[in-house]
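Each remark here refers to the structure printed beneath this line.
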């Protein structure tokens, strides 16, 4: 459940926050965290390439083991922790060989549980198996796109994908976006769905909380002058005066395809996501 606040101010009224009661009260692992400078929407020349980003509180980065390549070595869940750089919770694993790593924590994973990465294994939340050994109808996350690569898909809070079928060396998976895609059967995926499902129900409540997250104010194009935006100009409140909305640089803004037409993984898409 999300945390509710007493309406002591206009910002507090209606605000919803996270419930951290399920987290372990331990400090982050020093060997797996360090300081870093976020790009905040700028390129290597310092030019703004993504608007409305900047500022925000300082964060320490937690190194996440996306590949989980330690095959057949069991690990014990030492703690479930908060990560300021991602929406899902993270779990600290202590392997039997003494190594310690961070991974994304699925729903239902508890301190003291044992998890393992193996070609074959039990369908416990947190275990990581090859797609060819995961039965149909199983929920998975942290999916590799190609064998041996790091996990690239289904990594945000509360998300999951569904194993649908297996045929001719490929496994068909329905992604959270409703896109149907096939993956090589030797790719690995983790069992379960990711933690922190209440993330989508969070209400920031005030502008300052957005600034803490590094989100800067966004001004409507219709409130600008014609020189600043295609939607600008006019006396009072005006419609945009064109069939479709545009960006400040005059390019189509809604419903336009942005995926590269010659992207290598396009051939694996069997059904596009619903618009």
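Work out, step by step, the length gained on full extension between residue 216 and residue 228: first 0.36 nm times the residue separation, then minus their alpha carbon distance; give nm to one decimal.
2.5 nm
I need the calculated FRET efficiency for the pair residue 207 and residue 242, taking r as the beta carbon distance and R₀ as 41 Å, to the nearest 0.05.
0.85
Extension gain residue 251-residue 165, at 0.36 nm per residue separation less the Cα-Cα distance, in nm? Could the numbers behind the result be given before it?
On the way: separation 86, 0.36 × 86 = 30.96 nm, distance 3.99 nm.
Computed gain between residue 251 and residue 165 is 27.0 nm.
Fewest first, what order do 170, 18, 141 take by the number of other Cβ atoms within 10 Å?
18, 170, 141
Using 7 Å Cα-to-Cβ label points, what is the residue 33/residue 133 separation (nm, one decimal)?
About 3.4 nm, to one decimal.
Projected area of the stretch 25-200, taken from the Cα convex hull and averaged over every viewing direction, in nm²? Present the calculation step by step, with values, prior to reporting the outcome.
Numbers: hull surface 46.8 nm².
Computed as one quarter of the Cα hull surface, the answer is 11.7 nm².
Any idea how far apart residue 235 and residue 178 come out in nm if each label point goes 7 Å out from Cα toward Cβ?
4.5 nm
For the chain, modelled as a Gaussian network with Cα springs under 10 Å, which listed residue fluctuates most, 134, 73, 191?
Largest GNM mean-square fluctuation: 73.
Given C-alpha coordinates of the stretch 32-78, what is the ratio Rg to Rh with the Kirkwood estimate of Rh? Intermediate values should be presented prior to the final figure.
Numbers: Rg = 16.7 Å, Rh = 14.1 Å.
Looking at the stretch 32-78, the ratio lands at 1.19.
What FRET efficiency comes out for the pair residue 99/residue 268, r = Cβ-Cβ distance, R0 = 30 Å, nearest 0.05?
0.35
Could you calculate the FRET efficiency of residue 5 with residue 78 from 1/(1 + (r/R0)^6), where r is the beta carbon distance between them and R0 is 25 Å, rounded to 0.05? Mind showing how you got there, number by number?
Numbers: r = 31 Å, r/R0 = 1.25.
After rounding to 0.05, the efficiency reads 0.20.
For the stretch 227-269 and the stretch 1-63, what is the separation of their Cα centres, given in Å?
29 Å
Given an 8 Å cut-off on Cα distances and at least 6 residues of separation, report the relative contact order of the stretch 201-254 as a percent.
21 percent
With runs of 4+ DSSP H residues as the only contributors, calculate the mean residue ellipticity of the chain at 222 nm using -39,500 (n - 2.57) per run, divided by the residue total and rounded to the nearest 500.
-500 deg cm²/dmol
Laboratory data are not the source of any read-out in this text; all were calculated from the coordinates shown. This is a predicted model, so every value here is computed, not measured. Please note: Cβ atoms are built from the backbone with ideal geometry, for glycine as well, and neighbour counts cover all protein chains shown.
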